[in-house]
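The numbers here are math on the coordinates, done by the rules we state, and not lab data. Here the structure is a predicted model, which is why all the values come from computation and not from measurement. Note that we place each Cβ from the backbone using ideal geometry, even for glycine, and neighbour counts take in every protein chain shown.
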Amino acid sequence: MELLDALSQTFDHATKVIGGVQPDQLGATTPCTEWNVRTLLSHMTGVVNNMGNGARGEELRPNMEQFPLEDDLGSQFRAEAERTLDAWKATDPSSNVNIGAGPMPAQAAMSINLLDTATHSWDVARATGQNGTLPDELATMVLSVAKGVVNDDIRKFAGIHPAIEISATANPTDQLVAFLGRQP
């Protein structure tokens, strides 16, 4: 599976989960203990917006946790995801982009976009009683990307908890979230 295809599928999955959030769930706690559903959705949508901005070489938004949310959360996320996916498609994968951590290869930035969206869509699903399971092939790819990106330094920098030990026979989504410090 190609990175852009995986990102597209992850955006589809996230849109479905976000579209399933009910207004009375916005204050619910999430596996990201510092955020409730509303602030996590602001973060997710803001990150996707900034990824597109970075891919296009545009100015980045500060403080993504305060990204303004619209009433139709799923449609808003879908619109930002489409803009960002179009920007990634137009970006030379061997070029450098700045998504907020300084210049880095576009492939690395797309990988971060993939990890952030896949992981936080699971967080939102968990917080709102939805099914956050990714298709196995997609989850396997995201896990492979995560293992190539997330090391101890990244865990400290990004606030990612240590991996949780689970059965090697667990489904790929559970393996992914456990690797990223979440209890499946």
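Between Thr29 and Asn63, what FRET efficiency comes out of the Förster formula 1/(1 + (r/R0)^6) with R0 = 22 Å and r the beta carbon distance, rounded to 0.05?
0.55
Report the Cα-based extents of region 85-156 along its three principal axes, largest first, to the nearest Å.
Here the Cα extents, ordered largest to smallest, are 39, 31, 22 Å.
Using the basic label-point model (7 angstrom from Cα toward the beta carbon), what is the Asp92 to Ser144 distance in nanometres?
Reported label-point gap for Asp92 and Ser144 is 2.6 nm.
Based on the Cα gyration tensor of region 3-135, what are the three equivalent ellipsoid semi-axes, each the root of five times an eigenvalue, rounded to whole Å and given largest first?
Ellipsoid semi-axes (Å, largest first): 24, 15, 12.
Distance from the Cα centre of region 1-68 to that of region 150-180, in angstrom?
20
Would you mind calculating the relative contact order of region 1-61 from Cα pairs under 8 angstrom and at least 6 residues apart, reporting the percent as a whole number?
Here the relative contact order equals 16 percent.
Sequence gap at least 6, Cα distance under 8 Å: using those rules, report the relative contact order of region 3-135 to the nearest whole percent.
Once normalised by length, the contact order is 36 percent.
Using every alpha carbon pair in region 27-92, what percent of pairs falls into each 10 Å bin from 0 up to the bin containing the largest distance?
The percentages, shortest bin first, are 23, 47, 25, 5.
Glu70 versus Glu82, label points 7 Å from Cα toward the beta carbon: distance in nm?
According to this spin-label approximation, the distance is 1.0 nm.
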